[in-house]
Amino acid sequence: AALRADGVSAAVVNVGIGGERTDQALRRLTKDVLAQKPSVVTIMYGTNDSYVDQGKNASRITGEEYRANLARLVDELRAAGITPVLMTEPRWGRNAKPNGVGEHPNVRLEQYVAACRAVAAEKRTPLVDHYQHWTNAEAKGTDIGSWTTDQCHPNPEGHRVLAELMLPVVRRALPIAR
């Protein structure tokens with residue numbers, strides 16, 4: 001809606017799948033993303049990759065695998081003539097339940113956020129840093145948990161915050177904005 005309000009006739013297609021990790025995204029990239037021939041693709045993974053489930057002692061995907069998967073997503077999109085935009089995940093709210101090793105989930109997520117930032121820098125890929133924005137908001141007194149349904153998944157207000165941060169980066173990435 002914000003793009004249309006700016007006079008940009010862009011179709012936005014959400015092919016994200018809740019609970020998905022980067023390895024799963026790679027398996028369906030050709031069929032679900034490349035086949036649609038988009039000009040820009042936003043990529044936001046990390047929460048599910050980094051999470052430690054109850055009864056486990058390691059993240060679902062190692063940090064090295066996550067980083068390699070993000071780099072491969074960027075490379076495959078570019079090879080298809082598509083502009084990738086990497087995005088860090090928003091941080092978990094202060095009252096999130098501990099993960100399987102008793103940590104606040106942000107402890108692990110921060111390592112994956114750092115990897116996402118590094119891939120963006122190495123690949124010279126536009127980055128939307130949701131994690132930093134939510135961190136800054138929390139530091140200024142916002143209960144970012146109120147932007148979620150469960151201290152993790154954004155509610156309508158959280159989605160508004162995400163969209164506002166994405167908009168200028170996506171505008172710049174669109175072919176007509178170049």
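The values are calculated or read from the model by the stated rules, or taken from the named source; none is laboratory data. Predicted model only: the values in this text are computed from it and were never measured. Cβ atoms come from the backbone with ideal geometry, glycine included; neighbour counts cover every protein chain shown. Calculation scope for accessible area: heavy atoms of the full protein, side chains included, ligands and nucleic acids excluded. Shrake-Rupley method; radii C 1.70, N 1.55, O 1.52, S 1.80 Å.
Summary of values
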| read-out | value |
| --- | --- |
| Computed helical MRE - 222 nm, the chain, DSSP H runs ≥ 4 contributing -39500 (n - 2.57), nearest 500 | -13500 deg cm²/dmol |
| Cross-link reach list, aspartates and glutamates versus Lys37, counting only Cα pairs under 18 Å and skipping chain neighbours closer than eight places | Asp75, Glu76 |
| DSSP-defined antiparallel bridges as percent of all bridges, the chain, nearest 5 | 10 percent |
| Per residue, in Å², the accessible surface of the chain once ligands and nucleic acids are set aside, probe 1.4 Å | 54 Å² |
| Between 0 and 90°, nearest 10: helix 130-139 axis offset from the chain longest Cα axis | 50 degrees |
| Percentage relative contact order, the stretch 55-113, counting C-alpha pairs under 8 Å, at least six apart | 41 percent |
| Under Karplus coefficients 6.51, -1.76 and 1.60, residue-wise ³J(HN,Hα) of the stretch 103-118 in Hz, glycine/proline x | 8, 5, x, 5, 4, 6, 4, 4, 5, 6, 4, 4, 5, 4, 4, 5 |
| Fraction of accessible area attributable to carbon and sulfur, the chain (%, probe 1.4 Å) | 52 percent |
| Electrostatic dipole magnitude of the chain [Cβ: Lys, Arg +1; Asp, Glu -1; Cα centre; debye, to 20] | 480 debye |
| Mean separation of Cα contacts under 8 Å, 6 or more apart, over the residue count of the chain: relative contact order % | 22 percent |
